[in-house]
Structures are given as C-alpha cells and as structure tokens.
Amino acid sequence: MKTHAFVSLFAVTLFLAACSPQDRASVVPSAAASAALDFQDEHTQWVRQRSADLSKPDGWTSLIGLHWIEAGKRSVGGGADNAIRLSIAPDRLGEVEQRADGLYFQVAAGVPVTVDGKPVQGEVRLDPEGADGGTKLGYDQGKGQITAIKRSQRLALRVRHADAPARRDFAGLSFFPADERWRVQARFVPHPAGRTLPIVNVLGEVADNPNPGYVVFEKEGHEWRLEALGDPAKGLNLMFQDQTTGRLTYGVGRYLRTDPVAADGSVVVDFNRAHNPPCAYTEFATCPLPPPENRLALQDANGQRTRLAVLAGEKKYAGANH
C-alpha cells in the first residue's frame, strides 16, 4: 500500500511539473476556493446540527406544556379531573406543591417515574432548571419529562414528550444561502465593569443581564452597533432585529452567538448563524426579546431612518402557527 501511494504521489508530481502555470492552477484548487468550500461545508454541518438539536426527543419541539404553580397541592396527569392537565401523560402522575423551602412532587402510587434517570417513588424535590440542569422527572418510559423553571418569583412545570405534535410535525429549517460577506469582522468595545442591560421576555417580565460591552461593525456603508450579553472570554450573545424581522424572518427577532473575543478586541459576527429563538417553534417557551438598542436602525441629523436588512441566517419557520 505504501509503495502504491508513493508511486501515485510521484506520478502526480511529475504531471504537475510538466503542466503550464495555467494548467497547474486548474488542477490545484486555490486557497480562496478551498476556504470557500470549507465555509460552505462548516455552515451545512452547523445547520444540520441545529435541526437535529431542535427535533431531538427532549428538544424545543418536544414541549407540550408550561404550567404555572398556584397555592396548595395540585394534581398532575392526563385525566380531565387534574388541576394541571398534561396533553400526553397517564391519567394521574401525582401532586405538586410549592412550599417555603421549594417545589415538591408526590409520585402517584404504582406509577413508574424516574428522577434523573433512576426509578423513584414517594416525594421528590424539584430543583428549577439552571446551570446544573435542575431535577428531571421522567415518565412514560422516558418519553415524557417534567422540569421546573423559575421566572421572577414564579415557578412553573415545563413538560416535554417525545411524541409532541410539534416534534412529530417538525417542518425543518429554512436559511438564506450561506454568504461569507455576512461573516463580518467586528470590534468589541467594553462597558465599565458591572453594567447591566434590562431584558424583557415574552411574559413581559424584565430582568437585568450582565452587559459587558457592545460590538461595532461596518455594513452597507454604515457603522452598526449591537449590545452584547455573556462573557467575552467565552463568546458573546447577541439578540437583534433588522429590516427583515416580521417579513422574511421571525417577528420577535433572532439570536446569534460569537466565538470568544480576541485579546485585541476583534471578534467575528457570523450572521449566517443567526437563528430563531425557541418561541418560533413552541408556545411554551419564555424567550428573552432583543433590546431596543439592537434593532439595527440609524437616524441621521435630518431624521432620515436607515435599517440594515440582514439577508443571512435563519428565516421564518414554515411550520409555525403564530
């Protein structure tokens, strides 16, 4: 095998040596062409992975309910007589109760339920979703999953099921053609330490988020600015609206994450990877909304308004009903 490979390489070398410079250029791809192929391939893989994540058994399309907790013990299950009725579940799963020290779930006798993958009976404390993932209550042989979320001072049960209609009928994703011109070089400008930015979610709740700085980039003859969230050393989170919002793209806006900011403050903002928030696929998400500062709109001294149309990234979801 090694001998054959050496002979083949030697033959190719002789062939290229005999070619004119023009012929060699046609045989050996240019660095620019190779880079373009790499860009297209990486983008295709990223879109494929995003689609797979959305449609996995516990992805965003698997949500079947968001149930806010009220005072007292509340029965939970698929039966019509439950205070919290799940669209896909056994007739009775158990009872949920919020106490001063947390949220508790009492599993109904004889119902097979797991906590973090291990069989359980009796009472379970449900820690809300967070950095550690929170407590995961499984049912229906693992196809169903219940977690708790906390928004402001309220708690809710977030319910997923692998047979959710939104997952079953997932229509796939639609993107603008990948275009390297929308992979822009930007500059990160830090804010003073400790600065926060108020972010409103779809529930109308406001939360102050760490706002380390903003990115500045040039496009269509103008300089644009986007306020950033996240940690510059790990990557910035950008939420924005633009001229396509509500027409070609999702009406709430889109999200984008960058790679870590370089030591000199440079960072690439790849709008080809702008994507829809979870609310585009389910009514049971609590998505944060882009801040007013990130509408990609400019106004000159004469009051003339200019908006940037980001013709890159994810388009409206074809299967959305809202």
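The values are calculated or read from the model by the stated rules, or taken from the named source; none is laboratory data. In this text, all values refer to a predicted model and were calculated from it rather than measured experimentally. Counting neighbours? That spans all protein chains shown, and the Cβs are built from the backbone with ideal geometry, glycine included. Side chains are part of the model used for accessible areas, which takes the heavy atoms of the whole protein and leaves out ligands, DNA and RNA. Shrake-Rupley method; radii C 1.70, N 1.55, O 1.52, S 1.80 Å.
Side notes on the structure shown:
- If you go through segment 50-65 and keep only what is in contact (Cβ under 8 Å) with a residue 12 or more places away in the chain and among the basic types (Lys, Arg), you end up with just 50.
The rows are residues; the columns are (1) open to solvent by 80 Å² or more (accessible area, probe 1.4 Å); (2) under 20 Å from the mean Cα position of the chain (by Cα).
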{"residue": "155", "(1), (2)": "no, no"}
{"residue": "160", "(1), (2)": "no, yes"}
{"residue": "163", "(1), (2)": "no, no"}
{"residue": "170", "(1), (2)": "no, yes"}
{"residue": "173", "(1), (2)": "no, yes"}
{"residue": "189", "(1), (2)": "no, no"}
{"residue": "192", "(1), (2)": "yes, no"}
{"residue": "195", "(1), (2)": "yes, no"}
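- Among residues of segment 257-282 that are within 13 Å of residue 240 (Cα to Cα) and of a type in the set (A, V, I, L, M), none has a beta-carbon under 8 Å from a residue that is open to solvent by less than 40 Å² (accessible area, probe 1.4 Å) and assigned to a helix (DSSP H, G or I) at least six positions away or on a different chain.
- Residue 251 falls short on exactly one of the conditions (1) farther than 22 Å from residue 313 by Cβ; (2) open to solvent by 30 Å² or more (accessible area, probe 1.4 Å); (3) not polar (S, T, N, Q), and that condition is (1).
- Residue, nearest to residue 66 (Cα to Cα), within segment 131-172, restricted to residues that are without any contact (Cβ under 8 Å) to a residue 40 or more places away in the chain, basic (Lys, Arg) and in contact with a Ser or Thr (Cβ under 9 Å, 6 or more places away or on another chain): 136
- Residues in segment 230-248 that are surrounded by fewer than 19 Cβ atoms within 10 Å (Cβ to Cβ), without any contact (Cβ under 8 Å) to a residue 60 or more places away in the chain and of a type in the set (A, V, I, L, M, F, W, C): 1 in all.
- Hits in segment 128-141 - residues which are more than 21 Å from the chain's Cα centre (by Cα) and farther than 15 Å from residue 97 by Cβ: 138, 139, 140, 141
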